[in-house]
1. Among the chymotrypsin sites (Phe, Trp or Tyr not before Pro) in the stretch 17-64, which ones are in a DSSP loop with at most 13 other Cβ atoms within 10 Å of the Cβ? Mind listing them?
2. Of LYS15/LYS112; LYS67/LYS92; LYS67/LYS184; LYS67/LYS112; LYS17/LYS92, which sit over 26 Å apart, Cα to Cα?
3. Below 9 angstrom from the Cβ of THR155, what's the summed charge of the other residues (Lys, Arg +1; Asp, Glu -1)?
4. Using Stokes-Einstein with the Kirkwood hydrodynamic radius over Cα pairs, what translational diffusion coefficient do you get for the chain at 10 °C and a viscosity of 1.306 mPa s, in µm²/s rounded to a whole number?
5. Helix-only mean residue ellipticity at 222 nm, the chain, DSSP H runs n ≥ 4 weighted -39,500 (n - 2.57), per residue, nearest 500. What is it?
6. For the modelled label position 7 Å from the Cα of LYS135 along Cα-to-Cβ, which residues of the stretch 46-83 have backbone nitrogen atoms closer than 12 Å?
7. Quick check on packing: order 88-100, 156-168 by the mean number of other C-beta atoms within 10 Å, highest mean leading.
8. Please compute the length gained on full extension between MET178 and ALA192, using 0.36 nm multiplied by the number of residues separating them and subtracting their Cα-Cα distance.
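Nothing in this text is a laboratory measurement; each read-out follows from the coordinates by a stated rule. Bear in mind that the values here come from a model prediction, so they are computed numbers and not experimental data. Every residue, glycine among them, receives a Cβ derived from its backbone with ideal geometry; neighbour counts consider all protein chains shown.
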Amino acid sequence: MCGRYDLSDNPAAIKAKFSVPRVPDFTVNPDVRPTQVNPIVRLNRDGQRECALARWGLVPVWAKELKFGNRCINARAETIDSAPSFRTAYRKRRCLVPVNSFFEWSGPAGHKIKWRIGLQDEPLFALAGLWEWWKDPAGVENAGESVETYTIITTDANAALAPIHNRMPVIVAPERYMAWLDAKEDPRALLAPFESDRISLAKA
């Protein structure tokens, strides 16, 4: 599960890290939550990287309500090629989600510890995601305008995170960005736990 993350870097840092021509203005947020609008990186129709803003919580085109996305903030790596909500986006609309860290909690109810999880050698890095566009069939929400949404893919936790939680988001290394983004590539090999020895873990 990945239900919160930190994106405190500004548009200039994202532009440099992900080699995109521009980054739309957005509000930096050390505690990003589902339904909020945040930057994602994807390929445009010309096969070039671009940065866009999207709402966290993927809404498939056939959904009747925008709130459908509230149950789709994460997609399990094991089932994204077959799950109705994600399979089309997995084939056609993959993206990167820029983050500075993500959060997880451990411990019993009432005494949970919040953990900040990042990479030791990359203060800004990418999580694997999927994006979709949705238009209200009733024309009520968002005045009939299309809404772009995204989800974050999770996999089994690595050895560093397993004591805290059994799942972790899929982290994509820079040299594998295009292998993930390009719909012509088979990305299944990327959907694995990240190296434990590169993880930075601290109480938040």
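1. On the way: sites: PHE18, PHE26, TRP56, TRP62; in loops: PHE26, TRP62.
For chymotrypsin sites (Phe, Trp or Tyr not before Pro) across the stretch 17-64 that sit outside H, G, I, E and B with at most 13 neighbouring Cβ atoms in 10 Å, the list reads TRP62.
2. Working: LYS15/LYS112 36 Å; LYS67/LYS92 23 Å; LYS67/LYS184 31 Å; LYS67/LYS112 28 Å; LYS17/LYS92 23 Å.
Result: LYS15/LYS112; LYS67/LYS184; LYS67/LYS112 exceed 26 Å.
3. Working: positive: ARG76, ARG167; negative: GLU78, ASP156.
That works out to 0.
4. Numbers: Rh = 17.2 Å.
Rounded to a whole number, D works out at 92 µm²/s.
5. On the way: 3 runs with 19 residues, N = 204.
It comes out at -2000 deg cm²/dmol, rounded to the nearest 500.
6. The answer is none, because no backbone nitrogen lies closer than 12 Å to the label point.
7. Top of the packing list down: 88-100, 156-168.
8. Details: separation 14, 0.36 × 14 = 5.04 nm, distance 1.65 nm.
Full extension from MET178 to ALA192 adds 3.4 nm.
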